[in-house]
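These notes concern the structure reproduced below.
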Amino acid sequence: MHTKYIFVSGGVISGIGNISEGDVVSIFPNPSTGNWQLQVGNNLLGGIAEVFDANGRVVFKQLITNHQSLITPALSSGVYLLRISSSKSNVVR
C-alpha cells in the first residue's frame, strides 16, 4: 500500500509522490494525556524520534529500536510535531 504526499517548495506545489510501507508512522492516542505508542516501518528503525514544540525547540528525543515504541515525553498541553530521521528516510507528523 502506498500513500500519496505532496511536495511543496517555496509555497508552490512541485510534485506528488508515494510514501512506501517502510516509511509508515502511526502515533496514538491523539490527543494524549502523556504517553504515546509509536509504530514505524522498516525504513525508520534505528532512527531518532524528535518532538518539537510550537517554537521549533526539540523537547524530546529517543532512539527508535523497535517497530513499536512507547514515547513518554512529559509535555504540557499544546501542539507538537514529531520528526523521525533515519539513514533511509525522514518523516514529519
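The values are calculated or read from the model by the stated rules, or taken from the named source; none is laboratory data. What you are looking at is a predicted structure, and each value in this text was computed from that prediction instead of being measured. FYI the Cβ positions are ideal-geometry reconstructions off the backbone, even for glycines, and counts take in every protein chain you see. Side chains are part of the model used for accessible areas, which takes the heavy atoms of the whole protein and leaves out ligands, DNA and RNA. Shrake-Rupley method; radii C 1.70, N 1.55, O 1.52, S 1.80 Å.
Could the peptides 78-88, 57-67 be put in order, highest first, of the mean number of other beta-carbon atoms found within 10 Å of their residues?
78-88, 57-67
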Rounded to a whole %, the carbon-and-sulfur portion of the accessible area of the range 40-93 at a 1.4 Å probe is 50 percent
In Å³ per residue, the alpha-carbon convex hull of the range 27-74 encloses 78 Å³
In nanometres, the difference between 0.36 nm per residue of separation and the alpha-carbon distance of residue 52 and residue 87 is 10.6 nm
